[in-house]
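The structure appears right after this line, and notes come after that.
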Amino acid sequence: MQHLWETILGLNKGFLAGEGRFSLRFHPSFPGQEWIGAGLYNVLLIAASIALVVYVYRQAGGARSWRWAAAGLRLMLFLLLIAALNQPVIHLQQIREQPSVLAVMIDDSQSMQVADQPVAGVEQPRLDAVKYLLTDPASALLANLGRDHELRLYHFGSQALPLAQTGSVAADQDETHGSAGDWPEIKNLTAQSTRTQITASIKTVLQDLQGQSLAGVVLLSDGRQIPAAARHDDADNRNDWQTKIFAVPVGSTQAPRNIEIGSINLQESAFKGDVVNLRVHVRASGFPAGQLLPLRLMDEQTDAPLTGADGQSVQQMFAAGDGQWQDVELPFRADRAGELNLAVQAQAQPGEIDTEDNARSARIDVLEGQINVLAVDGYPRWDFRYLRTQMMREPTVNISALLLSADPAALQESDRPINRFPETIQEMLEYDVVLIGDVDPRYFSDQQLELMRDFVANRGGGLAMVAGPYYAPGQYRDTALAAILPVRIDQASTDNGQPITSGFRPVVTVQGQQSSIFRFFADRQRNQQFLDQQWQPIFWYQKGISVKPAAGEVYARHPSEIGPDGHPAPLLVLGRYGAGRTLFSAIDDSWRWRFYTGESIFNTYWIQQFRYLARGRKLGQRKLLFSASQPTYELGQQIQLTLRVLDPVMSQQLPQQLPVEIVDEHGQVIRRETLARQQNQDEYRASWIADGNGRFRAHLNQVLPQTTAMNLPIQVLAPRLELQQSEADRSFLNELARRSGGAVVEFNDAARTLPQLIPSAALNIGLESEQPVGSAPLVMILFAVLIMAEWVIRKKIRMV
C-alpha cells in the first residue's frame, strides 16, 4: 500500500517509510508576490474562479441542479489548478538522536613493557595492567563506559590506529563483543612500538571522529614521548582540540632498573698473546647509587669466558650511578689466532625492564707470527742502539738493523744481519715494517724510495719515521716518502744546536689512551698516574710538523707548544696509506724510558707500534678480509659489508660481482646480496637496510679454489629509545588534561570514577525533508476526472 501511495503521489521510493510527522505544505511563487503576498494572490484567484463559474453557468440552460453540479465541478477544477500553482509538497519532520562517542586510546609503545604498575598487589607490565583495567569482569570499565557512549578504541605509538568500536549498550552484553571481558583486539596488543607521539596521535583521533558528538578522550599511557622534544612543540596547540582529555597515568615515576651496554671500542686486529684493551660504554639506572654490577667478556664461539693477563676470567665490576654513561675497561689476552667474536655481557639483575640490551658483540682479528722489522739510521743514536738491543731480545720481533755510519762491508749486529737497503720488491717483502731514522735521503735511490711507497700502498707494509736533528723529516719534503707520511713536513725546522735544559712529558690524547702503545700497566688509574707524574721527561722534539687532515691521528702531543696549523704540536702520529700503515715520531728520546724506568715501558711502547704497523702485512697474508662496518646495527640502519682483496694476483682473477647469502639463526637464507667491485679494484661492497632484528651471518662461498668459505656475524637490534628513559611522565599528562579541560584519573580509581566523570554527549537532531506533489500522477488523474465529469453534464444540458 505504501508503494502505491508513493507512486500516485510521485514520491521517492521509501519516503513514506520514514518515521516522523508528515504534513502538507505549500511554497507559492507568484509574480509580484513579495509586494502583495501569496494569500492575497490566492484570494484573488479563488474570487476570479468563482466569478467566472457563476457568470458561465448562470446564463446556461437546463435543470438548475445539473447546472449547479457542473458549476461545482468547474470550481473544483479551478481550485485544483490554484493548489498546483502553490507548489504543494509533503513535508516529513524527524527527530534523530546522535549518540555520544568516547575515544579510548591505548599506548602500546615499548615503554609499556615495564613491569611497575601494581594490580591486585602485584606489579604488572604497564600494558597488561591496562588490559586488565579495560576488560577484566572485576573492573568492566569498557562495559560501564559503553552504557552511555559508543566506544572507539585506538592503539598508538608513533601514530594512532583504529582497534575496535562498539554501539551504545544498556546491559552487560554489547553487540560487537560477547561479554564485558571479551575483547580479543585489546588482549592481543603487544608493546612493540619504538616511538611514542601522544599529541600527534590525539590529533589523528580527533580528525577521525570529526563531526560526531565526542564526549572526550580517555588516554591510558605512561606519558613518555619519544622523541621528548615533541612534548614542547605542541604545548600551545592543545587548547584548540575542543575536547576533554581524561588521562589515566600508567607506571611509576621512578626510573626502572636497567643495565644497558652501548658501544664497544676495540681495535680491529691484534697479535696472538697481546693483552687487548676493550672499552665498553655502559650505564645502569634504577639501582642504589654505588651498587656494584658485574661485566664479563665471553668468547661467542665457545661460550667460554676470555682470560686476562693474569690468566683469570675477565670480569669487571662497575658502580651504578644516576643513569649516566661510563667507560669500563675489560683487558683480555688474545690467545687464539683467527677471527675472534666476543660478547660483553652484564649479568641480568632482578627487576630489570629489558635484558636484551645486557649484551653487545664485537669482533677482532687475532694475528700470529713474528714481525720482521728493518730499522735504518744514519748514525748510532741512543734510540737506535736501545731499540736494536731490546728487539733482539724480543721473541716476537726479528730485527734487521742497518747503521749507515758503520763499515759498509761488515754485517751488523741483528737478528737478521744485512749491510745494504733492499733494492727489489722481493727483498722488501721479506719485512713487515720499515723504520727510517735520521738518514740522509740521498742514501736512497729514486727506485728505493718508490719501492717503499709501493711496499706501503700496495703491499700493506708499515713504514715509520723517527725524526732527527739533521735530515728526517725536513730533507724528505721533495721525495716519495713525503706523500706516505701522516704529517706535513714542508715547514719542518732543523736543529739550531742550542742546548736544551728543560724537559716535558708528552700528553697522551684520547686516541692514544685507547690504544695499547701507552698502556704500560693493567690498572687504568695506575697507568694514568704514571703518564701524569712518573713518566721520564724528554727534551728534544721536531718542530714545524702538522697532521694531514683525514690521514693521521695524533696519539701524543706537546703539553704547551703549538704547531704551524694552530693545533698542539704532535709528537706521535699514526695513519694509513693505501693498504698499509704509517707512523711518525717527532721525538728520539724514548731511550730515557728504558734507561730510567726499565724494559717494560720501552718494550711496550715500541712493540705495540711495530704491531700496529705490521697488521696490514699480516692481514694481507690471509688474501681476503671480510668485514662489516660495525658488528651491531639497529632496525632501519644501513648494513654495509666489505671484502678487501689483499693479494694483487687474486684481485685480477675475481669477477666484478660476488654473491653473499644472509642466513638467520635457524640456518635459513633470508636474503641474497651482491658484493660489487669498487673503483679501487681491490674492494667489494654490499649494503642494505636492516629490516628485521636478530642474529645473522653473512656467508660468502669459496670465491677461488685457493680460498675457503667465509662467515661474518651480524646482529640487528630493535631501537631501544623507549626504554632508555621509561619512567612515567605524570607532569605531561597533568598538563595535557588541564589544558583540555579534562582530568587526571588515578589508575586504581579509573574503573569507578571514569563512567561517572564523563557525561553523555548525545544530541537530538531535527531532520526535515520534502517531496513535491504538484505534478504528481494523482493530480493529473483528478484533473482528468473533473474535466470529463463536467463535460458529461454540459453535454446533458446541451451546453456543448
Among (1) in a helix (DSSP H, G or I); (2) charged (D, E, K, R); (3) surrounded by fewer than 18 Cβ atoms within 10 Å (Cβ to Cβ), there is one condition ARG622 misses while meeting the rest; what is its number? (1)
Inside region 215-259, the number of residues satisfying the requirement of being surrounded by fewer than 21 Cβ atoms within 10 Å (Cβ to Cβ) and either modelled with pLDDT of 90 or more or part of a loop (DSSP other than H, G, I, E, B) (or both) is 12
Is region 99-121 home to any residue that is in contact with a Pro (Cβ under 8 Å, 6 or more places away or on another chain) and on the phi > 0 side of the Ramachandran plot? no
Over region 645-698, the set of residues closer than 30 Å to PHE455 by Cβ and of a type in the set (A, V, I, L, M) is VAL645, LEU646, VAL649, MET650, LEU654, LEU658, LEU675, ALA676
Going through region 71-115 in order, the residues found to be of a type in the set (S, T, N, Q) and assigned to a loop (DSSP other than H, G, I, E, B) are ASN86, GLN87
Can you find a residue that is surrounded by 15 or more Cβ atoms within 10 Å (Cβ to Cβ), among the aliphatic types (A, V, I, L, M), under 49 Å from the mean Cα position of the chain (by Cα) and modelled with pLDDT under 90 anywhere in region 115-131? yes
Determine which member of the set PRO417, PRO441 is more than 21 Å from SER590 (Cβ to Cβ) and in contact with a Leu (Cβ under 6 Å, 6 or more places away or on another chain). PRO417
Answer yes or no as to whether ARG363 is assigned to a loop (DSSP other than H, G, I, E, B), farther than 30 Å from GLN412 by Cα and among the basic types (Lys, Arg). no
Taking LEU449, is it under 25 Å from LEU572 (Cβ atoms), surrounded by fewer than 21 Cβ atoms within 10 Å (Cβ to Cβ), out of contact with any Asp or Glu (no Cβ under 8 Å at 6 or more places or on another chain) and aliphatic (A, V, I, L, M)? yes
Subset of region 512-539, residues exposed (fewer than 15 other Cβ atoms within 10 Å of the Cβ) and either touching a strand residue (DSSP E or B) at 6+ places or on another chain (Cβ under 9 Å) or more than 18 Å from TRP591 (Cβ to Cβ) (or both), comes to ALA522, ASP523, GLN525, ARG526, GLN528, GLN529, ASP532, GLN533, PRO537, PHE539
Can you tell me which residues in region 141-160 are open to solvent by 10 Å² or more (accessible area, probe 1.4 Å), in a strand (DSSP E or B) and within 11 Å of VAL101 (Cβ to Cβ)? GLU150, ARG152
Residue satisfying all of: in region 758-776; open to solvent by 70 Å² or more (accessible area, probe 1.4 Å) and outside any strand (DSSP E or B); farthest from GLU97 (Cα to Cα) among these: SER775
Quick check, is ILE797 modelled with pLDDT of 85 or more, open to solvent by less than 40 Å² (accessible area, probe 1.4 Å), more than 30 Å from GLY667 (Cα to Cα) and in contact with a Gly (Cβ under 6 Å, 6 or more places away or on another chain)? no
Quick one: what pairs do we get from region 729-750, first residue surrounded by fewer than 17 Cβ atoms within 10 Å (Cβ to Cβ), second part of a helix (DSSP H, G or I) and of a type outside the set (Gly, Ala, Ser), C-beta under 7 Å, 6+ apart or different chains? ARG739/ARG238; ARG739/ASN239
In region 92-135, what residues are of a type in the set (S, T, N, Q), in contact (Cβ under 8 Å) with a residue 12 or more places away in the chain and more than 22 Å from VAL205 (Cα to Cα)? GLN93, GLN94, GLN113, GLN117
Is there any pair linking a residue in region 681-704 that is at positive phi to one that is surrounded by 14 or more Cβ atoms within 10 Å (Cβ to Cβ), with Cβ under 7 Å and at least six apart or on different chains, and which? GLN681/SER651; GLY694/ASP664; GLY694/VAL716
Leading residue by the ranking (nearest to the chain's Cα centre (by Cα)) among those in region 298-312 that are farther than 25 Å from ILE714 by Cα and open to solvent by 70 Å² or more (accessible area, probe 1.4 Å): GLN312
Do the conditions hold for LEU712, that is, is it in contact (Cβ under 8 Å) with a residue 40 or more places away in the chain, open to solvent by 40 Å² or more (accessible area, probe 1.4 Å) and either hydroxyl-bearing (Ser, Thr, Tyr) or over 17 Å from ARG126 (Cα atoms) (or both)? no
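For (1) open to solvent by less than 30 Å² (accessible area, probe 1.4 Å); (2) touching a Phe, Trp or Tyr at 6+ places or on another chain (Cβ under 7 Å); (3) part of a loop (DSSP other than H, G, I, E, B), each residue gets a yes or a no:
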| position | (1), (2), (3) |
| --- | --- |
| VAL282 | yes, yes, no |
| PRO288 | no, no, yes |
| ARG296 | no, no, no |
| GLN316 | no, no, no |
| ASP322 | no, no, yes |
| ASP335 | no, no, yes |
| GLN349 | no, no, yes |
Tally the residues that are of a type outside the set (A, V, I, L, M, F, W, C), under 30 Å from THR355 (Cα atoms) and open to solvent by 30 Å² or more (accessible area, probe 1.4 Å), restricting the search to region 671-709. 7
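The values are calculated or read from the model by the stated rules, or taken from the named source; none is laboratory data. Quick caveat, the model's predicted, so the values are computed rather than measured. Note: ideal-geometry Cβ built from the backbone for every residue, glycine included; neighbour counts use all protein chains shown. SASA here: full protein model, heavy atoms, side chains in, ligands and nucleic acids out. Shrake-Rupley method; radii C 1.70, N 1.55, O 1.52, S 1.80 Å.
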